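The values are calculated or read from the model by the stated rules, or taken from the named source; none is laboratory data. On a predicted model such as this, the values are computed, not experimentally measured, just so you know. Virtual Cβ from ideal backbone geometry, glycine too; neighbours counted across all protein chains shown. Surface areas here come from the heavy atoms of the whole protein model, side chains and all, with no ligands, DNA or RNA. Shrake-Rupley method; radii C 1.70, N 1.55, O 1.52, S 1.80 Å.
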Amino acid sequence: MYRMSVEEPYEGGLSFEDGIAFAQMLDPLVDAIDVSAGNYDTADVLLPMYPPGNLVHYARAVKEAVSVPVIAVGRLTWLLQEMNDAVGAGEFDFVALGRAQLADAEGVAKTRRGEHEHVRRCLAVNECISRWMFNGQRTQCVINPKLSQETRAEASLRTGAEQKRVLIVGAGPAGCEAAMVAAERGHAVTVMERDGELGGQLRAWSAASFLNTEIEHMINFYKVELERLKVEVQLNTEASEADLENYDEVLLATGTVTDDKPGAPSMQWIC
Ligand SMILES: Cc1cc2nc3c(=O)[nH]c(=O)nc-3n(C[C@H](O)[C@H](O)[C@H](O)COP(=O)(O)O)c2cc1C
Ligand code: SF4
């Protein structure tokens with residue numbers, strides 16, 4: 001199987017015509033061609049950030065030019081039904097999911113079960129890649145805390161010896177993640193949130209970001225997961241000292257202070 005960039009879209013880069021000609025040279029020599037585009041001078045193409053499916057036309061073009069099976073790639077976790085239809089129609093033969101698998105290794109299985117809302121869908125911010133490739137750190141995913149510490153995450157889900165009443169103050173991503181772990185461990189969990197909605201700073205980011213819909217999906221993910229795990233969510237509720245006394249454990253997840261202003265170039269453009 002051969003992974004190739006069909007085009008390097010900048011002056012002096014590999015042209016689309018030469019890329020197709022190269023695919024045709026490969027055709028008799030390989031079992032399948034996996035079609036990407038770009039190189040490190042066009043990281044936004046190579047590791048597409050937006051929109052989903054923006055590399056698929058390259059796979060369609062290669063499919064028309066060769067006889068071996070062709071694989072499409074590029075944010076396809078957001079387009080699983082369309083990709084299913086495209087494969088069925090013979091536009092290409094397979095789709096590959098890269099970052100989608102880092103964000104949620106169960107994503108395909110959940111989709112097959114009709115649990116679309118319960119998939120952590122990759123936001124394409126590329127934290128996973130930049131940490132190890134450019135900074136030499138272990139890889140991490142901004143929406144999947146388990147990534148690269150799966151053993152530790154698994155251990156954290158062991159059932160607690162006794163069921164405790166756990167209060168989590170703050171329903172941003174940290175509070176929601178903590179609530180999910182505590183509930184999965186068998187505790188009775190309540191989340192109190194001062195605002196009228198879940199999401200915390202994700203809300204501010206989603207309002208300002210071109211990834212708006214995708215971040216909204218993540219906020220909804222927390223909503224449906226907390227429902228699934230029977231976590232009691234109290235919105236429009238400021239935790240008082242009296243509230244704290246009713247619980248065995250209290251976790252404050254009331255937010256962080258960040259220098260980044262919503263809308264400022266930051267995580268989206270790490271590449
Ligand atoms: C951690 C990581 C490492 C990657 N390394 C390579 C690589 O060595 N060669 C390559 O052609 N693409 C590489 N890619 C790009 C992926 O193969 C894929 O084309 C790209 O991430 C777009 O697909 P996706 O949206 O499903 O992630 C890498 C992607 C990730 C997330
Ligand atoms: S870090 Fe970002 S780009 Fe990487 S898998 Fe997670 S959400 Fe996707």
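Here are some notes:
- Among residues that are open to solvent by less than 20 Å² (accessible area, probe 1.4 Å), in the same structural domain as Glu8 (by TED's automatic domain parsing) and either at negative phi or acidic (Asp, Glu) (or both), Ala86 is included.
- Taking the stretch 1-114 and the strands (runs of 3 or more DSSP E) fully enclosed by it, the elements with 2 or more residues that are at pLDDT 95 or above and not β-branched (Val, Ile, Thr) are at 2-5, 33-36.
- Subset of the stretch 150-170 [free of Cβ contacts under 8 Å to residues at least 12 places away in the same chain and either among the β-branched types (Val, Ile, Thr) or closer than 21 Å to Tyr222 by Cα (or both)]: Glu150, Thr151, Ala153, Glu154
- Any hit, the stretch 69-90, residues being closer than 24 Å to Ala178 by Cα, within 11 Å of ligand 2 (Cβ to nearest atom), in contact (Cβ under 8 Å) with a residue 12 or more places away in the chain and not aromatic (Phe, Trp, Tyr): no
- Just so you know, in the stretch 114-133 the residues that are hydrophobic (A, V, I, L, M, F, W, C) and in contact (Cβ under 8 Å) with a residue 24 or more places away in the chain include one that is surrounded by the most Cβ atoms within 10 Å (Cβ to Cβ), and it is Cys122.
- Within the stretch 94-110, the set of residues being open to solvent by 30 Å² or more (accessible area, probe 1.4 Å) and either more than 16 Å from ligand 1 (Cβ to nearest atom) or within 14 Å of the chain's Cα centre (by Cα) (or both) comprises Leu97, Gly98, Arg99, Gln101, Leu102, Ala105, Glu106, Val108, Ala109, Lys110.
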